[in-house]
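Read the figures in this text as sums done on the coordinates, not as results from a lab. Model, not experiment: these values are computed from the prediction. Here the Cβ positions follow ideal geometry from the backbone for every residue, glycine too, while neighbour counts run over all protein chains shown.
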Amino acid sequence: MRALRVVGLHEDGKSIVLEDPASRTRFLLPADERLRAAARGDITRLGQIEIELESQMRPREIQQRIRAGESVEQVAASAGVSTQRVERYAYPVLLERSRTAELAQSAHPVREDGPDVQTLGEVVAYGFGVRGHDYSQATWDSWKGDDGRWVVVLRWKAGRSDNRAHWAFSPGAHGGTVVALDENAEVLLDPNAYRAPRTVRALEPARETEFQPTLDSVEPERAELPAAEPDPDDDTREIPRVPADPEEDHADQPRPKAKKNHPIVPSWEDVLLGVRSQRG
């Protein structure tokens, strides 16, 4: 290992000039935190600086990861640096993602018979209104996939569930086109999925009106009339019922009702002649 000697401070005031005594070759050494820590013999601080430098990403890599859909917090945590450092390089890319998501809302969904006349934003807004969702609370975003195509995402919350729908956005004339990438995106683009809910009208309370009976609504009443007292002048008598044969009398069979028999009224011939006719 060659030993170098210190020549002095460079004219920029930020580097130290070193020289190889054998070859007279000069070198510049940045007078940074690592050099100061090494000059102090602070091994702990020098190790921390090495870890921080190894974890730092180049600005180009930071922008690539932000453009691919990562957030500032995710990149900062992955790089092991502060969010302020990432935000300096991520800001222009975040504007690009926001602008792309805005343009995609003016694109036309591709259907079986070609691009729709309505835009993606109009179709989705209509679907949200029919379903009773608050479209103003939904958020749009976009990122660039590995294949170089832009992916647009819509996020919204329904109840306690977080929902997402993704479309592939192709910029072009008249706003470009979008193609659904998942089931939620297909449902939002399907006009048949939106059925206006039927209006449920509350029934009015029943009014107390006088009941008008009809023939069908009246049940026959079986009122028990008081038994009439026998008329002493009435010769009508009931023929006593002849008991049935004991062998044929069953307790579980209903007994026929007794029939009333009126007495035979004699004819005038019988009354005048004093004879009884043989009519049964």
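Structure notes:
- Neighbour counts of other Cβ atoms within 10 Å put Asp182, Asp147 in the fewest-to-most order Asp147, Asp182.
- Potential extension, Glu102-Leu46 segment - 0.36 nm per residue separation minus Cα distance: 15.4 nm
- Phi-based couplings in Hz for the stretch 88-94 (Karplus 6.51, -1.76, 1.60; Gly and Pro marked x): 4, 9, 7, 4, x, 6, 5
- Fewest neighbouring Cβ atoms within 10 Å first, the residues Lys144, Lys14 line up as Lys14, Lys144.
- Ser15 long-range amide H proximity, modeled H, under 5 Å: His10, Ala31
- Asp147 paired with Glu33, simple spin-label distance in nm, labels 7 Å along Cα-to-beta-carbon: 4.4
- If R0 is 30 Å, the Cβ-Cβ spacing of Asn184 and Arg58 corresponds to a FRET efficiency of close to 0.25.
- Residues whose amide H lies under 5 Å from that of Leu28, counting only those 5 or more places away or on a different chain, are Leu18; hydrogens are built 1.01 Å from N in the peptide plane.
- The amide H of Gly69, built 1.01 Å from its N in the peptide plane, has Lys144 as neighbours under 5 Å, considering only residues 5 or more places off or on other chains.
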